[in-house]
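The block underneath contains the structure these notes are about, expressed in structure tokens.
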Amino acid sequence: MAENMNNKIRVLVIDDSALMRKLLTELLNSDRDIEVIGAAMDAYAARDKIKKLNPDVLTLDVEMPKMDGLSFLSNLMRLHPMPVVMVSSLTEKGASVTMKALELGAVDFVSKPKVDLAHSLDECAAELIGKVKAASMARVDSVVRSSTERVRAASRKVNGSANGELNYSTTDKVIAIGASTGGTEAIKDVLIRTRPDCPGIVITQHIPPVFSRSFADRMDTTCDLAVCEAENGQQIRPGHAYIAPGDQHLSVVKDGAKYVCRLDQNPPVNRHRPAVDVLFNSVAKAAGSNAVGVILTGMGRDGAKGMRRMHDAGAATIAQDEATSVIWGMPHAAIEEGGVDKILALEHIAAKMTDLAAG
């Protein structure tokens with residue numbers, strides 16, 4: 001976590017494009033709480049400036065000359081962990097690399113501003129500024145903690161599931177998970193610890209289009225569960241996890257004896273689409289006491305009121321604790337709202353949510 005919290009947030013911009021360095025600097029300096037203290041065109045210049053300037057937050061381009069962003073990030077998190085916001089192109093390749101950057105320890109990412117679309121710069125500036133401010137408060141030790149157990153769990157992908165002998169839970173249970181900043185890795189931690197005989201899991205992570213598909217594909221290759229990007233009308237089945245597509249709200253509705261996914265592009269809720277409150281509110285209505293709600297690391301209050309509604313409908317509810325959260329905003333807000341039954345460290349959430357679902 002950045003220590004310079006009583007003054008401006010000091011940012012170092014790293015990008016091989018002079019135009020992009022200038023644009024990012026101008027966008028960040030437009031906020032009175034942020035000061036860009038330097039810029040670097042490659043990893044080697046960045047390394048020297050980090051030592052000299054000691055920034056609070058880095059913005060880091062994925063593609064750079066001499067040393068690519070992932071190699072630089074890996075070395076940085078090993079030798080000098082600090083908050084990093086990736087600046088990524090909105091492409092399939094960019095999404096895949098960005099997901100890997102989050103695994104390596106980046107706090108969050110933003111899409112690269114399009115300099116030829118001046119009308120969108122205000123929106124880009126707001127997102128960039130918000131994520132840099134959130135990163136300055138992030139618990140970097142939570143972001144870069146050892147992934148040994150997760151690697152072991154990932155190596156068990158498909159083990160025990162090919163023989164068709166799994167005893168699946170009944171389909172009248174559903175687990176709903178919501179997260180934001182730091183959530184992709186927190187969700188990964190939960191999913192790889194979850195057995196594939198659990199009830200269906202629906203997930204809303206604040207994430208843009210393209211990136212949500214890459215995230216779902218990465219989870220599917222990592223976990224024993226079958227993980228996909230949710231589709232409208234798709235039945236929610238045991239042993240499966242469904243991730244809300246970027247820019248679409250995910251809801252759960254009851255269709256006869258089964259639950260199905262509903263997608264829509266209704267207006268953002270709590271400034272987000274997909275929004276956690278939309279998912280949690282729908283689960284409260286459709287499943288009531290047959291549901292378990294989990295709220296993980298994230299900035300803001302999205303999901304707090306929805307979790308309270310789930311709780312009041314009889315669902316069991318869990319919030320991630322402060323010590324293991326990258327940003328303890330959303331879990332804390334849910335606790336303040338009075339909708340949380342249990343507060344747990346990240347590594348204990350998978351076992352507890354499946355126990356509660358079974359119970």
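Values in this text are rule-based calculations from the coordinates and carry no lab data. These numbers come from a predicted model, not from an experiment. So basically every Cβ, Gly included, is an ideal-geometry build from the backbone, and we count neighbours across all protein chains shown.
Overview of results
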{"quantity": "Prolate/oblate/rounded call for the chain, Cα gyration tensor, a/c under 1.5 rounded", "calculated": "prolate"}
{"quantity": "Size of electric dipole in the chain: Cβ of Lys, Arg +1 and of Asp, Glu -1, about Cα centre, debye, nearest 20", "calculated": "320"}
{"quantity": "Three-way shape call for the range 149-358 based on the alpha-carbon gyration tensor, with the a/c threshold at 1.5", "calculated": "rounded"}
{"quantity": "Order of ASP247, ASP302, ASP355 - criterion: other Cβ atoms within 10 Å of each residue's Cβ, fewest first", "calculated": "ASP355, ASP247, ASP302"}
{"quantity": "Residue exposure sequence - GLU336, GLU35 - by fewest surrounding Cβ within 10 Å", "calculated": "GLU336, GLU35"}
{"quantity": "DSSP bridge pairs, the range 149-358: antiparallel proportion in percent, nearest 5", "calculated": "25"}
{"quantity": "CD proxy at 222 nm, helix term only [per DSSP H run n ≥ 4: -39500 (n - 2.57); per residue of the chain; nearest 500]", "calculated": "-11500 deg cm²/dmol"}
{"quantity": "Using a Förster distance of 22 Å, the FRET efficiency for ALA126-GLN265 (Cβ separation, nearest 0.05)", "calculated": "0.65"}
{"quantity": "Extension gain, SER71 back to ASN54 (0.36 nm per residue minus Cα-Cα distance, nm)", "calculated": "4.1 nm"}
{"quantity": "Phi to ³J(HN,Hα) by Karplus 6.51 cos²θ - 1.76 cosθ + 1.60 over the range 288-301, Hz, x for Gly, Pro", "calculated": "x, 6, 8, 10, 10, x, 10, 10, 10, 2, x, 8, x, 10"}
{"quantity": "Anchor LYS93: lysines whose Cα lies under 19 Å away (excluding residues fewer than 8 positions away in-chain)", "calculated": "LYS112, LYS114"}
{"quantity": "From phi via Karplus (6.51, -1.76, 1.60), per-residue ³J(HN,Hα) for the range 194-200 in Hz, x at Gly/Pro", "calculated": "9, 5, x, 9, 7, x, x"}
{"quantity": "ILE343, ILE201, ILE37 arranged by Cβ crowding within 10 Å, fewest neighbours leading", "calculated": "ILE343, ILE37, ILE201"}
{"quantity": "Listed peptides 63-72, 179-188 by packing density, highest first (mean Cβ within 10 Å)", "calculated": "179-188, 63-72"}
{"quantity": "Nitroxide proxy distance, nm - points 7 Å out along Cα→Cβ at GLN234 and HIS348", "calculated": "3.2"}
{"quantity": "DSSP beta bridges in the chain [antiparallel fraction, %, rounded to 5]", "calculated": "15"}
{"quantity": "Three-way shape label, the range 1-62, alpha-carbon gyration tensor, a/c 1.5", "calculated": "oblate"}
{"quantity": "Calculated from backbone phi, Karplus (6.51, -1.76, 1.60) coupling profile of the range 271-278 in Hz, x at Gly/Pro", "calculated": "6, 10, 8, x, 10, 5, 4, 4"}
{"quantity": "Extension gain, ALA18 back to ALA257 (0.36 nm per residue minus Cα-Cα distance, nm)", "calculated": "80.2 nm"}
